[in-house]
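The values are calculated or read from the model by the stated rules, or taken from the named source; none is laboratory data. Just so it is clear, the structure is predicted and the values come from calculations on it, not from any experiment. Backbone-built Cβ (ideal geometry, glycine too); neighbour counts: all protein chains shown. Keep in mind that these areas ignore ligands, DNA and RNA; they rest on the heavy atoms of the full protein, side chains included. Shrake-Rupley method; radii C 1.70, N 1.55, O 1.52, S 1.80 Å.
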Amino acid sequence: MTDEFHATLTSWRRHLHAHPGLTLHEGPTAAFIVQKLREMGVSEIAENVGGHGVVATIRRGGGNRSVGLRGDMDALPIQEQADDLPWKSTVPGVMHACGHDGHTTALLGAARLLLEDKSWTGAVHLVFQPAEEGGGGALAMIADGLFTRFPMDRIFGWHNWPGLAAGTIAIHDRAVMAAGARIELIFDGHAGHAALPHLTRDPLLAAGHAIVAAQSIVARNVDPLMGGVVSLTVIEGGEAQNQVPRRVTIKGTIRWLHEDAGDAIKEGLQRVTDGVAATCGVKGTLIISPGLGITANSPAERDLAAAAAASVTATRRDMLPAMTGEDFAWFLKEVPGAFVWIGNGPAEEGRDLHNARYDFNDAILPVASRYLTEVAKRALASDPA
């Protein structure tokens, strides 16, 4: 990649950072993507796939193999705290705090590199995915016929990773990121005067017991080697200081790296909800969202990704999976593929993922674009397992 094109990609990335599109509101971002693809000469572009999704296809020669490359493009509802940044978000309360502006730009860069490279044949589908941040974008694209309208033998994706040396690519043997789901524990009691608690059924008391009991699930019901997290993060209930409320809701998230651990956590939460409700004389309801599956590399695609990465930059094979979740897991349930991390450099001054001071490292754009190009070419040159 030339210095000139790197500078162009950097300007694109910073434009996207300054004009972020919140989950399910990525229309201007999608329009920017389409504009740049058309300027490059890409003619086969499908818009509004599963929302604001864009799928561009580049074909060359008579090869019958196909591969997908994915970049997510939505931002987060976070107020940016980087006044020293010239390309700071111009949208109040919205910022690219996870680097999807960089992911999108790197995929645009790969499009340009693939167009210039005459050494491959087949079809490359560039998947610009909306609504990765809890908006169900992957499922929406699948429901809109992603893999039937744009058949792919394999699919590959990546995420920038603060704390990993800039430009280094980490490849996991299997699990890259955890499965997860959002949860609600709802306790309905009988409201009344706080001075007459014996005439009430206190859902707040039940919630307190549930918060403590829920933490015993991972500690005592999940194999320590399997990985699991129960995080209760929101509690809602009560209107007056002198009233025992009618309802209290606890919200949070659960994560797991093995399905057995996930089953144990879900069963444990149901047991806690029912048991605490019975003890406190209230009604308990547990709601668990469909959530995300484990983002796990398939063996052949993992090895292909590792070889592609090694041809581009330094690699690591020793990093542990993260308990964060990734919408890409839904794509991996449909076709084999692999997901890698590319180091974003030191996470200084709190500039980590989902932090209000985060910023994507533009220096890694050439590595990301070259990796995507190389993994696509290698996938098209080999038979799927």
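Here are the numbers for the structure shown:
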| quantity | calculated |
| --- | --- |
| Selection count, the range 281-302, where residues are among the charged types (D, E, K, R) and either open to solvent by less than 30 Å² (accessible area, probe 1.4 Å) or closer than 23 Å to Leu199 by Cβ (or both) | 2 |
| Subset of the range 345-373 (residues that are under 30 Å from Glu116 (Cα atoms), of a type outside the set (A, V, I, L, M, F, W, C) and part of a loop (DSSP other than H, G, I, E, B)) | Asp359, Asn361 |
| Residue selected from the range 160-173 under the condition open to solvent by 10 Å² or more (accessible area, probe 1.4 Å) and touching a helix residue (DSSP H, G or I) at 6+ places or on another chain (Cβ under 7 Å), by the criterion farthest from Ala322 (Cα to Cα) | Ala166 |
| Per-region count, the range 57-79, residues farther than 18 Å from Phe328 by Cβ and touching a helix residue (DSSP H, G or I) at 6+ places or on another chain (Cβ under 7 Å) | 3 |
| Cβ pairs under 6 Å, 6+ apart, first in the range 296-311 and closer than 18 Å to Thr373 by Cβ, second open to solvent by 30 Å² or more (accessible area, probe 1.4 Å) and part of a loop (DSSP other than H, G, I, E, B) | Glu301/Pro336 |
| Single residue of the range 288-339 satisfying the filter (under 17 Å from the mean Cα position of the chain (by Cα) and among the polar types (S, T, N, Q)) that is nearest to Leu269 (Cα to Cα) | Ser289 |
| Residues within the range 27-85 that are in contact with a Lys or Arg (Cβ under 8 Å, 6 or more places away or on another chain) and closer than 24 Å to Phe360 by Cβ, tallied | 6 |
| Matching entry among Ala309, Ala338 (being aliphatic (A, V, I, L, M) and not in a strand (DSSP E or B)) | Ala309 |
| Qualifying residue in the range 136-152 (condition: open to solvent by 10 Å² or more (accessible area, probe 1.4 Å), part of a strand (DSSP E or B) and in contact (Cβ under 8 Å) with a residue 12 or more places away in the chain) | no |
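Residue-by-condition table, conditions (1) modelled with pLDDT under 95; (2) not aliphatic (A, V, I, L, M):
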{"site": "Ala191", "(1), (2)": "no, no"}
{"site": "Pro197", "(1), (2)": "no, yes"}
{"site": "Pro203", "(1), (2)": "no, yes"}
{"site": "Ala210", "(1), (2)": "no, no"}
{"site": "Gly275", "(1), (2)": "no, yes"}
{"site": "Thr279", "(1), (2)": "no, yes"}
{"site": "Lys283", "(1), (2)": "no, yes"}
{"site": "Gly291", "(1), (2)": "yes, yes"}
